[in-house]
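The values are calculated or read from the model by the stated rules, or taken from the named source; none is laboratory data. Owing to the predicted nature of the structure, the values given are computational and were not obtained by experimental measurement. As a convention, Cβ positions derive from the backbone with ideal geometry for all residues, glycine included, and neighbour counts pool all protein chains shown. Remember, those area values only see protein heavy atoms, side chains included, never the ligands or the DNA or RNA. Shrake-Rupley method; radii C 1.70, N 1.55, O 1.52, S 1.80 Å.
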Amino acid sequence: MALRKIITLENEILRKVSKPVVNFDESLWNLLDDMKDTLLKSTGVGLAAPQVAVLKRIFVLNLNNMYIEAINPKITKVSGCQKGPEGCLSIPGRQHNVVRPNKVTVEFFDRYGNPMSITAVDFMARAICHETDHLDGVLYIDHIEKNK
Ligand code: CO
């Protein structure tokens, strides 16, 4: 286990589309362990693999006394609407209001390849949207203009 460096806005890796995870093996688990260390050491609630310069469809969340590892996540259902402040470990020192769905269902795999599903509301729904966006090279600041 080790800390990984979190890359920031000017790094073009953040703008790339990540690839699905195919092998649920030891190298995946090492990455997940490193992402956990890195997130828990940070001030954030979520971290996506591209933020540690790995273009794989993975995010981790530490929220509501739950730690979640989501591999190949897909948001399958959204409803409602919320507006609230959002920040990003890759854009330090900034926050901005972003409109997001109030409720989302996300399907994903755990580290062993078991299919999982979570339905979340409020801030957790926001975090899931934010982290899933990272896997497509989208940052929360991209939504600001649209919200006006
Ligand atoms: Co972020």
Practice item. Please list, ordered by first then second residue, the pairs with beta carbon atoms under 6 Å, 6 or more apart or interchain, first in region 89-101 and touching a residue at least 12 places away in the same chain (Cβ under 8 Å), second acidic (Asp, Glu) and within 12 Å of the ligand (Cβ to nearest atom). Key: Val98/Glu86
**Study point:** Residue that is open to solvent by 20 Å² or more (accessible area, probe 1.4 Å), among the acidic types (Asp, Glu) and more than 14 Å from the chain's Cα centre (by Cα), where the choices are Asp136, Asp122
**Key:** Asp122
Point to revise | Qualifying position, being modelled with pLDDT of 95 or more and within 17 Å of Gly44 (Cα to Cα), among Ala120, Ala127 | key: Ala127
Practice item. Would you mind listing the strands (runs of 3 or more DSSP E) fully within region 38-113 where at least 2 residues are open to solvent by 30 Å² or more (accessible area, probe 1.4 Å)? Key: 66-79, 82-88, 91-100, 103-109
Practice item. Would you check which residues across region 14-23 are surrounded by 16 or more Cβ atoms within 10 Å (Cβ to Cβ) and either closer than 18 Å to Lys74 by Cα or more than 13 Å from the ligand (Cβ to nearest atom) (or both) and list them? Key: Ser18, Val21
Check your understanding: Restricting the search to region 126-144, which residues are of a type in the set (A, V, I, L, M, F, W, C), more than 10 Å from the ligand (Cβ to nearest atom) and under 17 Å from Ala70 (Cα atoms)?
Key -> Ile128, Cys129, Leu135
Check your understanding: Quick one: is Val17 touching a Gly at 6+ places or on another chain (Cβ under 8 Å) and modelled with pLDDT of 95 or more?
Key -> yes
